[in-house]
Amino acid sequence: MKTSIFYYTGTGNSLWVARQTASALREARVQSMPEWLLARPPIDAESIGLVFPVYIWGVPAPVMRFVTALPDLRDRYFFAFATNGGQVSNTLVQLEKIMAGRGLRLSAGFDITMPSNYIPWGGPGPKHIQQQRFQAAQARIAAKVPALMQGLLMPIEKGPLWQRIVFSAINRLSFNQVPKMDSKFWADDKCTNCGICAKVCPARNITIESGKPLWHHTCEQCFACLQWCPSEAIQYGKRTVRFERYHHPDVVLKDVLKTRA
């Protein structure tokens, strides 16, 4: 079965999961959601995968825009992987409902735990823990692939009930505030005016003014600007200067930059 896998990523976790899935499925093409939205070419695959991170315990706004822009594909098999730092909450159920509003059916949705890139709450954890998560994710993907190859209907995975109640409420309350949450970003004296932060931003939310990045309040909270800064000059609030930066070790800067064209 021919498969197209569309991903959204800031620091590479979802790109890596998309690649791992495509490799296991063999006949699969991988493309970023922002890249597809620029030209919106026809999708001729019979099976369509969506791979994306969980943001504030929900579906990121760019993924919502991608889904709402899809043509009538109600005859296709859809599956999804939601990468997260340990709490998928109600994200995949939310995606299922968004897709249903477009007449599309999410036939399978899986939770994939990865090292966290949400640096305001700390770094990604020790390297050996990161490796354990990568290995567990590979095994989890491999375990799901036979069902995906057969186009089977699978349960949509979700977190415990308390997460779905509490975290979903937080997501609803904060969702419209996300674009302006970039007010906490700033660049310290290590900034070299390289411009990578502006180039890597999927929302095109950053310009370089007077030799420093300036954020324009269309943020998506992917933290690509902070995590990919080669001099670790970008901070978020006061605590991030103490924390280790993170992007997936198998994803390099050019992998992300080519999807931002």
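The values are calculated or read from the model by the stated rules, or taken from the named source; none is laboratory data. Note that the structure is a prediction, hence the values are computed from the model and not measured. Positions of Cβ are backbone-derived with ideal geometry, glycine not excepted, and every protein chain shown enters the neighbour counts. Only protein heavy atoms, including side chains, enter the accessible area calculation; ligands, DNA and RNA are left aside. Shrake-Rupley method; radii C 1.70, N 1.55, O 1.52, S 1.80 Å.
Give the number of residues within segment 141-163 that are more than 18 Å from residue 3 (Cβ to Cβ) and charged (D, E, K, R). Before the answer, list the steps.
Here is the first cut: in segment 141-163, the ones more than 18 Å from residue 3 (Cβ to Cβ) are 155-163.
From what's left, charged (D, E, K, R): 157-158.
The number of residues fulfilling the criteria is 2.
Could you count how many residues in segment 133-149 are within 21 Å of residue 247 (Cβ to Cβ) and surrounded by fewer than 11 Cβ atoms within 10 Å (Cβ to Cβ)?
Adding up the residues that qualify gives 1.
Can you name the condition, by its number, that residue 152 falls short on among (1) of a type outside the set (Asp, Glu); (2) without any contact (Cβ under 8 Å) to a residue 24 or more places away in the chain; (3) part of a loop (DSSP other than H, G, I, E, B); (4) surrounded by fewer than 14 Cβ atoms within 10 Å (Cβ to Cβ)?
(2)
Quick one: how many residues across segment 175-198 are assigned to a helix (DSSP H, G or I), loosely packed, with under 14 Cβ neighbours inside 10 Å and not small (Gly, Ala, Ser)? First the steps, then the outcome.
The first filter runs over segment 175-198 and keeps only residues assigned to a helix (DSSP H, G or I), leaving 175-184, 196-198.
Imposing the further condition that a residue be loosely packed, with under 14 Cβ neighbours inside 10 Å reduces the set to 176-177, 180, 183.
Adding the requirement that they be not small (Gly, Ala, Ser) leaves 176-177, 180.
The number of residues fulfilling the criteria is 3.
Among the numbered conditions (1) open to solvent by less than 20 Å² (accessible area, probe 1.4 Å); (2) part of a loop (DSSP other than H, G, I, E, B), tell me where residue 130 comes up short.
Tallying (1) open to solvent by less than 20 Å² (accessible area, probe 1.4 Å); (2) part of a loop (DSSP other than H, G, I, E, B), residue 130 fails exactly one: (2).
Is there a residue being on the phi > 0 side of the Ramachandran plot, in contact with a helix residue (DSSP H, G or I) (Cβ under 7 Å, 6 or more places away or on another chain) and open to solvent by 70 Å² or more (accessible area, probe 1.4 Å) anywhere in segment 200-209?
Looking only at segment 200-209, we keep the residues that are on the phi > 0 side of the Ramachandran plot, and these are 204.
Right, trim to in contact with a helix residue (DSSP H, G or I) (Cβ under 7 Å, 6 or more places away or on another chain) and you get none.
Scanning segment 200-209, I find no residue that is on the phi > 0 side of the Ramachandran plot, in contact with a helix residue (DSSP H, G or I) (Cβ under 7 Å, 6 or more places away or on another chain) and open to solvent by 70 Å² or more (accessible area, probe 1.4 Å), so the answer is no.
Here is a yes/no grid of residues against (1) assigned to a helix (DSSP H, G or I); (2) within 24 Å of residue 64 (Cβ to Cβ); (3) open to solvent by 50 Å² or more (accessible area, probe 1.4 Å):
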position: 214; (1), (2), (3): no, no, yes
position: 218; (1), (2), (3): no, yes, yes
position: 222; (1), (2), (3): no, yes, no
position: 227; (1), (2), (3): yes, yes, no
position: 231; (1), (2), (3): no, no, no
position: 246; (1), (2), (3): no, no, no
position: 249; (1), (2), (3): no, no, yes
position: 255; (1), (2), (3): yes, yes, no
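Report those strands (runs of 3 or more DSSP E) wholly inside segment 1-59 carrying at least 1 residues which are under 14 Å from residue 82 (Cβ atoms). Step through it out loud before you land on a result.
Details: elements: 3-7, 28-32, 47-53.
Ranges flagged: 3-7, 47-53.
Between a first residue in segment 40-55 that is on the phi > 0 side of the Ramachandran plot and a second residue that is not in a loop (DSSP other than H, G, I, E, B) and not aromatic (Phe, Trp, Tyr), which pairs have beta carbons less than 9 Å apart while being 6 or more apart in sequence or on different chains?
40/69
Take the residues in segment 130-152 that are of a type outside the set (A, V, I, L, M) and touching a strand residue (DSSP E or B) at 6+ places or on another chain (Cβ under 7 Å); name whichever of them is nearest to residue 113 (Cα to Cα). Outline the logic, then answer.
So the first thing to find is which residues in segment 130-152 are of a type outside the set (A, V, I, L, M), and the list is 130-135, 138, 140, 144, 146, 150-151.
This time we only want the ones that are touching a strand residue (DSSP E or B) at 6+ places or on another chain (Cβ under 7 Å), so: 133, 140, 144, 151.
Values: 133: 7, 140: 10, 144: 15, 151: 23 Å.
Applying the filter and picking the extreme gives 133.
Out of the residues in segment 60-108 meeting the condition of being in a helix (DSSP H, G or I) and charged (D, E, K, R), tell me which one is surrounded by the most Cβ atoms within 10 Å (Cβ to Cβ).
Our first condition is that a residue be in a helix (DSSP H, G or I); within segment 60-108, this holds for 61-69, 91-100.
Checking which are charged (D, E, K, R) leaves us with 65, 96-97.
Working: 65: 13, 96: 21, 97: 12.
Taking the candidates together, the pick is 96.
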